[in-house]
1. Between Leu116 and Ala318, what is the FRET efficiency for a Förster distance of 51 Å, r being their Cβ-Cβ separation, to the nearest 0.05?
2. For region 76-118, with only Lys/Arg (+1) and Asp/Glu (-1) charged at the beta-carbon, what is the dipole magnitude about the Cα centre, in debye rounded to 20?
3. Give me the extension gain from Leu254 to Arg109: residue separation times 0.36 nm, minus the current Cα-Cα distance, reported in nm with one decimal.
4. Rounded to the nearest 20 debye, what is the charge dipole size of region 32-190 about its Cα centre when +1 sits on each Lys and Arg Cβ and -1 on each Asp and Glu Cβ?
5. Please name which of Cys253, Ile221, Ser235 has its Cα lying farthest along the dipole of region 218-261 towards the positive end, using unit charges on Cβ (Lys, Arg +1; Asp, Glu -1) and the Cα centre as origin.
6. With the crude spin-label approximation of a point 7 Å out along Cα→Cβ, what separation in nm comes out for Ser235 versus Phe17?
7. Once whole DSSP H runs in the chain are found, which of them have Cα atoms spread over 15 Å or more along the helix axis and a mean Kyte-Doolittle score of at least -0.5?
8. Restricting to lysine pairs 8 or more places apart or on different chains, what number in the chain have Cα atoms under 15 Å apart?
Amino acid sequence: MHRSRKTHIPPRNRLIFGLARRFGIWGFRLWCRPHLEFNPELKKTEDKGAVFLYAALHKSLWETTGIQVALTISGMEVPWVGMGDNLVRGRFFQGIVERAGGFLIRRPRNRRDLILSARQLRDSVFSLLETRRSVLVFPEGTRRCISDHHCHGPFFPAVFEAVLEYARVQKGHGDEKIPPVFIVPVNVDYAKVREDREMIRRRSGPLTLHVRDSLKMFRHIGDVYVSFGMPLNVSSLTHIDRRSLAEQTRKACLDLVKILPVNVVAHGMLRAYRDGRIESKHFHDGIAAVMDDLSPYENRLRGMSLGDEPTELIRRVARFNPPFRDFSSRTLPVVRLYADYIAHLLQPPVVA
């Protein structure tokens, strides 16, 4: 039975949203080399009146605006994006985020907060869908999964509870005036994650990005691959539970992960790491072995091919990414970060 959600998320402020969109497009084109892989079914589904839950793996803060800009320039409606309330400090700046089309998610500090945060997220997503607004969320909840656990994290089920509830209401009414909801898996792959060094620092509490910090983040990040997968019609999935839907969506996101030269070179470095240094012979052999292991995923290679020489791959990566230019044991955690982005494709995972 449908329970009314009391969460109210106001409409965008046209001026603030317009400025944010212009700034986002400018940064998108100036500070990276974007490559969009856009499933054509997405636009067809939107044209039929659907609303979307975009669910993305979380690797960088860039995604919170980068995915929205990718949709904008593809002619799609821009979704509301969920952001942790720790990312923007101060009620004034939080208000700007909300007026630009974001909604804040409470960062839990204890078990009670976790329950309240899950309820708030569920209610916010349901309210947005109910008012025919698409949503962008990062169900892992943090960018630290890879750096802390060396794998992509599980998707929290609260957001999928909201989507299932909405789909059951829509299906039960059989009313064409209530638009169907589709889940769209999304993934972004980076030649250089802007905050890679920050990600591997051991510090208490979640990572934050203050307005002042954002000025330091304006640096070119090279090739960025934004991939949108096949929309999943939730009306046909209402028989499953929220955890099953979360896991199915996570798998669809992982299926979008691309393999870049930086990922291959990183794995080669880990295989060649001996007593605090990289042995040159093992390095080249390690890269060749990684390429061989990844041959079943040739269709996922971007910016490279199976026939590329290890020396050329090293040159491409080192030219742009400093930790791969002057390697030391101090930069090992950064190297491992890039290796772990594709560790799920290698059996067994590489361990330094």
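1. So the FRET efficiency works out to roughly 0.65.
2. The calculation lands at about 320 debye.
3. Computed gain between Leu254 and Arg109 is 49.4 nm.
4. 560 debye
5. Ile221
6. 2.6 nm
7. 14-30, 62-73, 111-130, 158-173, 261-272, 280-293, 310-320
8. 5
The values are calculated or read from the model by the stated rules, or taken from the named source; none is laboratory data. For clarity, every value in this text was computed on a predicted model and none was experimentally measured. Quick reminder, even Gly has a Cβ in these numbers, built from the backbone with ideal geometry, and neighbours come from all protein chains shown. Areas reflect the complete protein model, heavy atoms only, side chains present, ligands, DNA and RNA absent. Shrake-Rupley method; radii C 1.70, N 1.55, O 1.52, S 1.80 Å.
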